[in-house]
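What follows is a short report on a single structure.
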Amino acid sequence: MSLLMFLLGLVTGAIALPIDEFNVYNYGASGFGEIDDSQAFVNAWRDACIVRTHYARVIVPEGTFLLNPLMFSGPCNPQSIHFKILGTIIASGSPESWHGRDSSQWIAFKDVTGLNVYGSGLVDGQGMHWWDQSCRYHPKLEGCTKLAPTIFKFISCKESTLSNIYIVNSPQTHVLILNSKGFNVDNVMIQSPEHSPNTDGIHIHSSHSVKITNSIIGTGDDCISIGDYTSNIDIANIECGPGHGISIGSLGKNRKVVMVEHIRISDSKLKGTTNGARIKTWQGGQGNVRHITFENLAFDAVYNPIIIDQNYCDVSGTCKEEKTGVKINDVVYKNLYGTSSSKIAINLNCSKYVPCSRITMENINLVSVQEGNQVTASCTNAKGTEVGVNPGSCFRN
Ligand SMILES: *[C@@H]1O[C@H](CO)[C@@H](O)[C@H](O)[C@H]1NC(C)=O
């Protein structure tokens, strides 16, 4: 619009400037938490996505909004599209609400560039009924479910962010970053009970240039897990626990080809988790895990502070020995300290056929959480060097 037209608009009082804020209340959301507000969200997103401005903002104000499974799709016209959550978004607590729908997701964003999801609000997946029927913990229950919704899925999103938000009680994974490039997660809090099944905090898969910083994550599974095709992942300033730790893997399931490289996990604390710095791969996989750095990590009563498991199997004894495996090399462990709640504080358990190589351990001090108990280091089919490592002598052979 030309300046003249704009001034003319001011004079005549008929300014045709496009509106760039889309408040779900203006689309009929109730905000009571009992009526399904999905349609209001769908319509607010539709208008935000097609508006001809550089910038658009969907506003979820104070209030409680009940949403059924939803997909917010792009590509959108605005270069930057904000999704500001000030209130509370809740899922239906009943798995029946997913009947006939994709039960892997609740709120998904797809094909959006410049997406920013943030706000001081709360997103509650109400996962309890899903946990109660999960095959993981109730394998004998008739009709038990293996797949349950992820709270936030970001699929093929570029140059996007998720920040300043509180995410709780996911039926399964809380946040999934899939097929995305340039994705930053900052200052999020993710919480689910310690015994909730498969409730990973953040899972990254087939994605590149992802940063996760300044966040607090405590769940029933991995705080953060990194999947088969990932590179340039930077994870820093995380407080993890309870949960299974920060994990690269499990990789290479069903003989998949893996390419995981340039991963850095640093300046983080793990408290009461089953694992600390973990890499796990299935036998039979192919490809590489390389250029991995674990640096400046503090462990407090962690069961496996440092672990590589190249023979990962989810149900022990059901995986047969295979002659291929994912190659692991150039892994650095530096400035790691704290307490181990198991005897083997350092356990590099690599494959006979595809040994781990060029592992560097430097400045590590791990002691038993029980005073007076000794901890040990075990390295199998792993080659590398160590300086200032306690417990030491892992690479003896
Ligand atoms: C290494 O992995 C094998 C196969 O899973 C297992 O039997 C063995 O106990 C592991 N070793 C250690 C030290 O954990």
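Yes or no: Lys323 open to solvent by 40 Å² or more (accessible area, probe 1.4 Å) and either under 17 Å from Ile359 (Cα atoms) or within 12 Å of the ligand (Cβ to nearest atom) (or both)?
No.
Between Ala345, Ala301, which is open to solvent by 10 Å² or more (accessible area, probe 1.4 Å) and in contact (Cβ under 8 Å) with a residue 40 or more places away in the chain?
Ala301
Looking for whichever is under 22 Å from the mean Cα position of the chain (by Cα), among the hydroxyl-bearing types (Ser, Thr, Tyr) and within 16 Å of the ligand (Cβ to nearest atom) here; the options are Thr281, Thr293. Which one fits?
That would be Thr281, the only listed residue that is under 22 Å from the mean Cα position of the chain (by Cα), among the hydroxyl-bearing types (Ser, Thr, Tyr) and within 16 Å of the ligand (Cβ to nearest atom).
Yes or no, residue by residue, for (1) surrounded by 24 or more Cβ atoms within 10 Å (Cβ to Cβ); (2) of a type outside the set (D, E, K, R):
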residue: Lys110; (1), (2): no, no
residue: Gly114; (1), (2): no, yes
residue: Gln133; (1), (2): no, yes
residue: Arg136; (1), (2): no, no
residue: Glu142; (1), (2): no, no
residue: Ala148; (1), (2): yes, yes
residue: Ile155; (1), (2): no, yes
residue: Thr161; (1), (2): no, yes
residue: Val168; (1), (2): no, yes
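Can you tell me which residue within the range 41-73, out of those that are part of a loop (DSSP other than H, G, I, E, B) and out of contact with any strand residue (DSSP E or B) (no Cβ under 7 Å at 6 or more places or on another chain), is surrounded by the fewest Cβ atoms within 10 Å (Cβ to Cβ)?
It comes out as Arg52.
Restricting to the range 326-340, name every residue that is hydroxyl-bearing (Ser, Thr, Tyr) and away from the ligand (no atom under 15 Å from the Cβ).
Result: Tyr333, Tyr337, Thr339.
Among the residues of the range 366-377, count how many are surrounded by fewer than 15 Cβ atoms within 10 Å (Cβ to Cβ) and either within 16 Å of the ligand (Cβ to nearest atom) or part of a strand (DSSP E or B) (or both).
1
Here is a yes/no grid of residues against (1) at pLDDT 95 or above; (2) more than 21 Å from Thr274 (Cα to Cα):
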residue	(1), (2)
Cys356	yes, yes
Asn373	yes, no
Ser378	yes, no
Val387	yes, yes
Ser393	no, yes
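Please go through the range 294-333 and give me each residue that is in a strand (DSSP E or B), farther than 16 Å from Lys269 by Cβ and of a type in the set (D, E, K, R), ordered by number.
Asp309, Lys327, Asp330, listed by residue number.
Considering each of Ser225, Ser250 in turn, give the residue that is open to solvent by 10 Å² or more (accessible area, probe 1.4 Å) and part of a strand (DSSP E or B).
Ser250
What's the number of the condition Glu194 fails, among (1) open to solvent by 20 Å² or more (accessible area, probe 1.4 Å); (2) under 13 Å from the mean Cα position of the chain (by Cα)?
(2)
Give Lys383, Lys352 a once-over and let me know the one that is basic (Lys, Arg), within 16 Å of the ligand (Cβ to nearest atom) and under 25 Å from Trp282 (Cβ atoms).
Step by step, each of Lys383, Lys352 is checked, and only Lys352 is basic (Lys, Arg), within 16 Å of the ligand (Cβ to nearest atom) and under 25 Å from Trp282 (Cβ atoms).
Across the range 95-108, what is the total count of residues that are within 19 Å of the chain's Cα centre (by Cα), of a type outside the set (S, T, N, Q) and open to solvent by 30 Å² or more (accessible area, probe 1.4 Å)?
Total meeting the criteria: 0.
The values are calculated or read from the model by the stated rules, or taken from the named source; none is laboratory data. Since the structure is predicted, the reported quantities are computational estimates derived from the model, not experimental observations. Quick reminder, even Gly has a Cβ in these numbers, built from the backbone with ideal geometry, and neighbours come from all protein chains shown. Just so you know, the surface numbers come from the protein's heavy atoms only, side chains and all, with ligands and any DNA or RNA stripped out. Shrake-Rupley method; radii C 1.70, N 1.55, O 1.52, S 1.80 Å.
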